[in-house]
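To keep things clear, I will list the structure first and then write my remarks on it.
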């Protein structure tokens, strides 16, 4: 097994793909600068270089989509629909499945929530990101509380569906807090056996693992371009056509109709039914290009890369002492490159500010838009999250562990003041890259800690 460990380390020693902004240096509050360590991929991933180049190549040909007979309009329409076909293949959709372009995962799941037939109940777990929780609260719903193990959790879900039928089970593919992968195929099997469809929130899973609707048997999948190295404002909802064809048009407007009079409107079918207005061509092209980069890496390369990074980080956190890794289940064995932890007795926001300001390391702190789960993990006031991606390396992990060790030894060089719950260094004079940016402006809303 020593050879396997060496191979994993070699894989994680450098990036798997070229990213825009890789190696960018950031100023430190004590002076000087360091290459930025991005450990916040789970929030938003940087653009792939290939994606940025593809968008730049398309821009001169940009024109209206589905709305003109000019040459550029025809090219743009073809690019848009070609992107849809590429995404259809990327998610392993069935021949009759439909791909709808949206703004992001939240938008996709809100669209699906409006598409569930009237009277149909939605069941979800209490570990979900708010995007896969709040839309269901607006309609008939039930929340199943997870148990200490995955096996017991599946039993609870089956019991809930036996107790009362549901139209849809909504579940995340991987926790955005702990990175633990959910057994989607098993959930699909137990849900389908009880007459319920399954919607997969793949916002976190899609950049890390292959999504195959046909193989998993899931009925719908939602994910975002900004987490898949295509930050151009596009998301996807893909899945079975019937509910989407019968649902009210999600965004009433041009392009979503067959015929309009002053008295009535006849809506077209999905996907155009839910893509009213001028579509985001550049976003669709960007996400399609990103999928072409990601797909070949799902043969095990990304998984091995992230496993080496995750193992190095978890082992290092254990060695530090006074640091607690957050986990949902005692028997989960599969996880993506996301690790949540807290430094016992210390405010997560202060630790995150210290890492950013004094070490040039970006992590997420807060409750990660998963308040019920953080309460369950006894971290209701927030925690820290380090998340990896295609550009991460073992050097990044070591930078984080070294900085945390210094913090634990009380070697912070600065004092920090909390304003509206956000810690900022006193006397921050770091230069900014754009004249309109003011890091300490009181007019700026505080960063989201949700």
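Relative contact order for the chain using alpha-carbon pairs under 8 Å, separation at least 6, rounded to a whole percent?
Worked out over the chain, it gives 23 percent.
Working out 0.36 nm times the residue gap between residue 156 and residue 56, then minus their Cα-Cα distance, what length gain in nm do you get to one decimal?
Between residue 156 and residue 56, full extension yields 31.0 nm more.
What three numbers, in Å, describe the spread of the alpha carbons of region 1-158 along their principal axes, ordered from the longest?
59, 53, 41
Output the peptides 122-130, 47-55 sorted from most to least packed, where packing is the average of other Cβ atoms within 10 Å over each peptide's residues.
122-130, 47-55
Treating each Cα of region 86-196 as an identical point scatterer and ignoring solvent, apply the Debye formula and state log10 I(q)/I(0) at q = 0.16, 0.17 Å⁻¹.
-0.80, -0.91
Taking the chain as the reference, fit the longest principal axis to its C-alpha atoms, fit the long axis of helix 71-90 to the helix C-alpha atoms, and give the angle between the two in degrees, 0 to 90, nearest 10.
70 degrees
Against the longest principal axis of the chain, how steep is helix 150-163, in degrees 0 to 90 to the nearest 10, with axes from Cα atoms?
Approximately 30 degrees, to the nearest 10.
How much length is gained if the chain between residue 318 and residue 263 is pulled fully straight, taking 0.36 nm per residue apart and subtracting their Cα-Cα distance, in nm to one decimal?
Full extension of this stretch gives 13.1 nm more.
With the cut-off at 1.5 for a/c, could you classify region 50-297 from its C-alpha gyration tensor as rounded, prolate or oblate?
It comes out oblate by the Cα gyration axes.
Just the number, please: percent antiparallel of the DSSP beta bridges in region 50-297, rounded to the nearest 5.
The antiparallel fraction comes to roughly 50 percent.
With the convex hull built on the Cα atoms of region 378-431, state its orientation-averaged projected area in nm².
For region 378-431, averaging the hull's shadow over all directions gives 6.2 nm².
Using just the helices of the chain, give the 222 nm mean residue ellipticity in deg cm²/dmol: DSSP H runs with n ≥ 4 each add -39,500 (n - 2.57), and the total is spread over all residues, rounded to 500.
The helix-only estimate for the chain comes to -10500 deg cm²/dmol at 222 nm.
Report the full-extension gain for the segment residue 126 to residue 78: residue separation times 0.36 nm, less the Cα-Cα distance, to one decimal in nm.
13.1 nm
Counting alpha carbon pairs within less than 8 Å and at least 6 residues apart, what relative contact order, in whole percent, applies to region 50-297?
26 percent
Compute the label zone of residue 405 within region 321-352: residues whose backbone N is under 11 Å from the point 7 Å along Cα-to-Cβ.
Hits in region 321-352 for residue 405 at 11 Å: none.
Quick one, what does Rg over Rh come out to for region 252-383 if you take C-alpha atoms and the Kirkwood Rh?
Across region 252-383, the Cα-based Rg/Rh ratio is 1.17.
What is the distance in Å between the Cα centres of region 199-275 and region 277-298?
About 14 Å separates the Cα centre of region 199-275 from the one of region 277-298.
What order, most packed first, do the peptides 343-351, 304-312, 380-388 have when packing is the mean number of other Cβ atoms within 10 Å of each residue?
Highest-to-lowest ranking by the protection proxy: 380-388, 304-312, 343-351.
Compute the helix-to-body angle for 2-11: its Cα long axis versus the longest principal axis of the chain, expressed 0 to 90° and rounded to tens.
Roughly 80 degrees between the two axes.
Can you put 228, 369, 357 in order of Cβ neighbours within 10 angstrom, beginning with the fewest?
369, 357, 228
Where both partners of a DSSP beta bridge lie in the chain, what percent of those bridges are antiparallel, to the nearest 5?
65 percent
Using the number of other C-beta atoms within 10 angstrom as an exposure proxy, rank 61, 136 with the fewest first.
Fewest-to-most Cβ neighbours within 10 Å comes out as 61, 136.
GNM, the chain, Cα, under 10 Å: largest mean-square fluctuation among 79, 317, 251?
251
So how far, in whole Å, is the C-alpha centre of region 372-435 from the one of region 95-174?
32 Å
What is region 215-301 by shape, rounded, prolate or oblate, if you read a ≥ b ≥ c off the alpha carbon gyration tensor as root eigenvalues and call it rounded for a/c under 1.5, prolate for a/b larger than b/c, and oblate otherwise?
oblate
Remind me, what semi-axes does the chain give for its equivalent ellipsoid, largest first in whole Å, using sqrt of 5 times each Cα gyration tensor eigenvalue?
For the chain, the ellipsoid semi-axes come out as 37, 28, 22 Å.
According to the square roots a ≥ b ≥ c of the eigenvalues of the Cα gyration tensor, what is the shape class of region 154-215, taking rounded for a/c under 1.5, prolate for a/b larger than b/c otherwise, and oblate for the remainder?
Cα axes put region 154-215 in the prolate bin.
Taken together, the values in this text are just the output of simple stated rules run on the coordinates, not laboratory data. Remember, predicted model here, so these are calculated numbers, not experimental data. With ideal geometry, Cβ positions are generated from the backbone for all residues, glycine too; neighbour counts draw on all protein chains shown.
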